[in-house]
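Take a look at the structure set out below.
The values are calculated or read from the model by the stated rules, or taken from the named source; none is laboratory data. The model shown is predicted, which means the values in this text are computed figures rather than measured ones. Here the Cβ positions follow ideal geometry from the backbone for every residue, glycine too, while neighbour counts run over all protein chains shown.
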Amino acid sequence: MTRTPSVSVVFVCHDGAGRILLARRSTRARDEPGTWDCGAGALEFGETFEQAVAREVIEEYGTGPEKIELLGVRNVLRPGSHWVAIVFAVRLDPAEARIGEPHKFDELGWFDPAELPSPAHSQLPETVALFT
């Protein structure tokens, strides 16, 4: 069996004033339910990274990005999976953000990146470190 890495876009949404938007994963989330995380999604065939970010931000937070900036790349190795994560900072209008996928998330919150909520998703600290 040949296994290959998958590519995802990961986004740290912010308000332009220092706060980041995090979502608490619902009990029906694919992994790590109940943890706080930033947004992410798989790159689809034929999409640019920026198109994927815009699509995923709209799906997850119900509003489009005001600005998208590349932060870096992470190699995410977890049991049974390997993701190449392209990480972006995305500025949003905080008044427009809402839960767009209630089957995945049950709460949103704006946080200081130095004071992440608990429990945090296992990948969140390293991702936020690229933002700060």
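Being surrounded by 13 or more Cβ atoms within 10 Å (Cβ to Cβ) and out of contact with any helix residue (DSSP H, G or I) (no Cβ under 8 Å at 6 or more places or on another chain) is the requirement here; does LEU130 meet it?
On the way: surrounded by 13 or more Cβ atoms within 10 Å (Cβ to Cβ): yes; out of contact with any helix residue (DSSP H, G or I) (no Cβ under 8 Å at 6 or more places or on another chain): yes.
Here the answer is yes, as LEU130 does meet what is asked.
Restricting attention to the range 20-38, which residues are under 18 Å from VAL76 (Cβ atoms) and either modelled with pLDDT under 95 or out of contact with any helix residue (DSSP H, G or I) (no Cβ under 9 Å at 6 or more places or on another chain) (or both)?
Once the filter is applied, which keeps residues that are under 18 Å from VAL76 (Cβ atoms) and either modelled with pLDDT under 95 or out of contact with any helix residue (DSSP H, G or I) (no Cβ under 9 Å at 6 or more places or on another chain) (or both), the range 20-38 yields ARG25, ALA29, ARG30, ASP31, GLU32.
Do you know which residues across the range 70-80 are crowded, with 16+ Cβ neighbours inside 10 Å and either of a type outside the set (Lys, Arg) or under 22 Å from GLY109 (Cβ atoms) (or both)?
Initially, the range 70-80 is screened for residues crowded, with 16+ Cβ neighbours inside 10 Å, giving 71, 74, 76.
Of everything in the range 70-80, those that are crowded, with 16+ Cβ neighbours inside 10 Å and either of a type outside the set (Lys, Arg) or under 22 Å from GLY109 (Cβ atoms) (or both) turn out to be LEU71, VAL76.
Please count how many residues of the range 81-105 are surrounded by fewer than 18 Cβ atoms within 10 Å (Cβ to Cβ), part of a strand (DSSP E or B) and modelled with pLDDT under 95.
Of the residues in the range 81-105, 2 are surrounded by fewer than 18 Cβ atoms within 10 Å (Cβ to Cβ), part of a strand (DSSP E or B) and modelled with pLDDT under 95.
From the list GLU50, GLU66, GLU56, which residue is closer than 19 Å to PHE131 by Cα, out of contact with any helix residue (DSSP H, G or I) (no Cβ under 6 Å at 6 or more places or on another chain) and surrounded by 19 or more Cβ atoms within 10 Å (Cβ to Cβ)?
Working: GLU50 fails: surrounded by 19 or more Cβ atoms within 10 Å (Cβ to Cβ); GLU66 fails: surrounded by 19 or more Cβ atoms within 10 Å (Cβ to Cβ).
Exactly one of GLU50, GLU66, GLU56 is closer than 19 Å to PHE131 by Cα, out of contact with any helix residue (DSSP H, G or I) (no Cβ under 6 Å at 6 or more places or on another chain) and surrounded by 19 or more Cβ atoms within 10 Å (Cβ to Cβ), namely GLU56.
Considering each residue of the range 1-26, count those that are touching a Pro at 6+ places or on another chain (Cβ under 6 Å) and within 19 Å of SER122 (Cβ to Cβ), and give that number.
Qualifying residue count, the range 1-26: 2.
Going by the conditions given, is LEU71 among the aliphatic types (A, V, I, L, M), under 13 Å from PHE11 (Cβ atoms) and in contact with a strand residue (DSSP E or B) (Cβ under 8 Å, 6 or more places away or on another chain)? If you could, list the steps in order and put the result at the bottom.
Values: among the aliphatic types (A, V, I, L, M): yes; under 13 Å from PHE11 (Cβ atoms): yes; in contact with a strand residue (DSSP E or B) (Cβ under 8 Å, 6 or more places away or on another chain): yes.
Taking the combined requirement at face value, the residue satisfies it.
Step by step: first the residues of the range 106-125, then only those that are outside any loop (DSSP other than H, G, I, E, B) and either hydrophobic (A, V, I, L, M, F, W, C) or touching a Phe, Trp or Tyr at 6+ places or on another chain (Cβ under 7 Å) (or both), then the one that is surrounded by the most Cβ atoms within 10 Å (Cβ to Cβ). Which residue is that? Working first, answer last.
Taking the range 106-125 first, the residues outside any loop (DSSP other than H, G, I, E, B) are 106-111, 120, 124-125.
Filter again for either hydrophobic (A, V, I, L, M, F, W, C) or touching a Phe, Trp or Tyr at 6+ places or on another chain (Cβ under 7 Å) (or both), leaving 108, 110-111, 120, 124.
Working: LEU108: 19, TRP110: 16, PHE111: 15, ALA120: 16, LEU124: 21.
Selected residue: LEU124.
Return the total of residues in the range 1-19 being under 13 Å from VAL57 (Cβ atoms) and at pLDDT below 95. I'd like the intermediate steps shown before the answer.
Of the residues in the range 1-19, the ones under 13 Å from VAL57 (Cβ atoms) are 9-14.
Imposing the further condition that a residue be at pLDDT below 95 reduces the set to none.
Total meeting the criteria: 0.
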